[in-house]
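Reviewing the structure listed below.
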């Protein structure tokens, strides 16, 4: 008879829309980009970027990938403030 293992699922911390938006805005300003330039680089509207930066919206997974590439940051940094920069 096989023994059951007591394995606990890994639970990610809750997403903080305001903190995610602050990280997006901080990195965008560091790159000296406008909201319009970031919107163009990611293929979303400027209003969507404004919503992210104001903490009114959380980016979808596909948009997170686009933001990550445009801002040259890892997705975990955008979501949870892991301080890693792509080289």
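Read the figures in this text as sums done on the coordinates, not as results from a lab. Keep in mind the model is a prediction, meaning the values are calculated, not measured. Note that each Cβ is placed from the backbone with ideal geometry, even for glycine, and that neighbours are counted across all protein chains shown.
How long are the three semi-axes of the equivalent ellipsoid of the range 39-81, in whole Å, if each is the root of 5 times an eigenvalue of the C-alpha gyration tensor, listed from largest down?
They are 15, 13, 8 Å, listed from largest to smallest.
Cut-off is 10 Å between beta-carbons; in what order do 7, 49, 75 appear when sorted fewest neighbours first?
Ordered from fewest to most neighbouring Cβ atoms within 10 Å, 7, 49, 75 come out as 7, 75, 49.
Measuring from label point to label point, each 7 Å out along Cα→Cβ, what is the residue 47 to residue 69 span in nm?
Taking the two extended label points, one gets 2.5 nm.
Would you mind computing the Rg to Rh ratio of the chain from its alpha-carbon coordinates, Kirkwood style for Rh?
When Rh is taken as the Kirkwood radius, the ratio is 1.16.
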